[in-house]
Amino acid sequence: MPEIERRRLKLTGDRPCWIMLDEANSDVMPGSFHLVPLETYPLRYAYGRFSPAFMRVVLQTMAELIRARQVRMVQRER
């Protein structure tokens, strides 16, 4: 993930960040165990946004993988 996009999401540290585009989780909303409310505003879950340009690349890549049937559903344990 580009550094500018990390900053937009307010991700700190120097650990690698990436987005897995060839697998997807199924999740039930509300009550997802993947989403943690912000401490400063407990009803809000968004930490930031990717730029429209970056999202176009992500969505285009995902669409190509879906059409090629290269995306697999993954069951995560709670």
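The values are calculated or read from the model by the stated rules, or taken from the named source; none is laboratory data. Just so it is clear, the model here is predicted, and its values are computed rather than measured. Cβ atoms come from the backbone with ideal geometry, glycine included; neighbour counts cover every protein chain shown.
This table checks each residue for (1) modelled with pLDDT of 90 or more; (2) under 16 Å from the mean Cα position of the chain (by Cα); (3) on the phi > 0 side of the Ramachandran plot.
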position	(1), (2), (3)
Arg8	no, yes, no
Cys17	no, yes, no
Ala24	no, yes, no
Met29	no, yes, no
Phe33	no, yes, no
Arg49	no, yes, no
Val58	yes, yes, no
Arg78	no, no, no
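Could you list, ordered by first residue, the pairs with Cβ atoms under 6 Å in which the first is in the stretch 41-63 and among the aliphatic types (A, V, I, L, M) and the second is modelled with pLDDT of 90 or more, at least 6 apart or interchain?
Filtered contacts from the stretch 41-63: Met62/Leu21.
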